[in-house]
Each structure stands twice: as structure tokens, then as C-alpha cells.
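Bear in mind these aren't lab numbers, they're just calculated from the coordinates by the rules spelled out. In this text, all values refer to a predicted model and were calculated from it rather than measured experimentally. Ideal geometry is used to build each Cβ from the backbone, glycine not excepted, and the neighbour counts take in all protein chains shown.
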Amino acid sequence: MILKKITTTVFAVQIISSILFAQNKIGFVQSDRIRTELEEFKEAESQLQLVLRQANMKYQTMAIELDSIRQAFETQRLMSSPEWRKEKESEIASRQTQLQKFQADVAGPEGSVYRMQMQLEMEILQKVKRAVDKIAAVKKIDFIIDGSTSLLYGDPTHDLTDDVLLELRKYSVSDKKKSSNKN
């Protein structure tokens, strides 16, 4: 904790001293605004929601089937042979394991939904990074800060969010042209 504070302080002092002694240009970008306004983020979110709904429906179906097998087992348990009971208990345990495995494989911390989300976000974030880099080069800006995470105030003249969104929309238009030329 103390090391983190020291590192943060040293970093802040370095930035402030470089700003004071050299005429560095600083800008900021509101990443949360980019996330809400960029169509690709919205499309990725809707794809992810669709996959989640499908997975949830499958999970619910599996849970209902398990419940019906349990209920049937409970109603017939007393009148059944020990072999039948053992077979049904084994089936119930197997279905429970399948349900837990499905849940872990799909919605768990390393499940398919998580991997899909990371892949979709990584592709979009790479485009955002490219756009930020291009804006920094064109406007000769030394530092661009994410204003959504820790910026308490920023002079609106240094806000580069609109520039980044415009650049990203250019990428989107060129990507659409490329895909339509392939068809």
C-alpha cells in the first residue's frame, strides 16, 4: 500500500515537473462516452446479451429436467427396487454435474461468454488505441489521459473525445466498404 502511494507520488511529480519545464501538450478522452456512443460497442454488447440469453435458456431447460427427474424419483422412491433407486440417484448426480459443468464452461470466470467478451472488447479497444495514437500524432500531443477514470476536471478545449469518435467512425466506414467490396 505504501509502495503504491510512493510510486503514484513519484509518477505524479515526474509528470508535473515535465509539464512545468517543457511545454508538453496534454489532452484527455472520455472513454465511457466513447463506449456509449460508438456503434461497435453497442453491437458487441447486443451479441453478448444474445449469447447470454441463449445460455440462460439452456441452463433453465437443464435445471427443469433435473427437477422433474428429482420429483419423479421422490414420488416413486418408496415403491421402487434398490437397483432402480441407485440408478436414478446416479442419473440425478450425473445431471447435477452436467449442469454445474455447463455453468462453469459458459458463465464461469474462464467460460466461453467471458472469452467472447474479452475478444470483442479487445478488437474494439485496439481500434480505439489506433485512433487515439493517430489523434496524438496529428495534433502533436504528448499525453492523452482517460478522463473517465480519474480526471476531476479538464478544460473542454483539451477534450479529444469527439476527435477520437470521428476517427473511429472513419474506420467503421472504411471497414464497411471493405466488406461490401468482398461480397
What is segment 22-175 by shape, rounded, prolate or oblate, if you read a ≥ b ≥ c off the alpha carbon gyration tensor as root eigenvalues and call it rounded for a/c under 1.5, prolate for a/b larger than b/c, and oblate otherwise? prolate
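Of the listed pairs Lys42/Lys101; Lys25/Lys134; Lys58/Lys101; Lys127/Lys170; Lys25/Lys140; Lys42/Lys139, which have alpha-carbon separations greater than 18 Å here?
Details: Lys42/Lys101 30 Å; Lys25/Lys134 15 Å; Lys58/Lys101 13 Å; Lys127/Lys170 11 Å; Lys25/Lys140 7 Å; Lys42/Lys139 29 Å.
Those over the limit are Lys42/Lys101; Lys42/Lys139.
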Distant-in-sequence amide H partners of Ile144 (H built 1.01 Å from N, under 5 Å): Gly27
Using unit Cβ charges (K, R positive; D, E negative) and no other charged atoms, how large, in debye to the nearest 20, is the dipole of segment 22-175 about its Cα centre? 240 debye
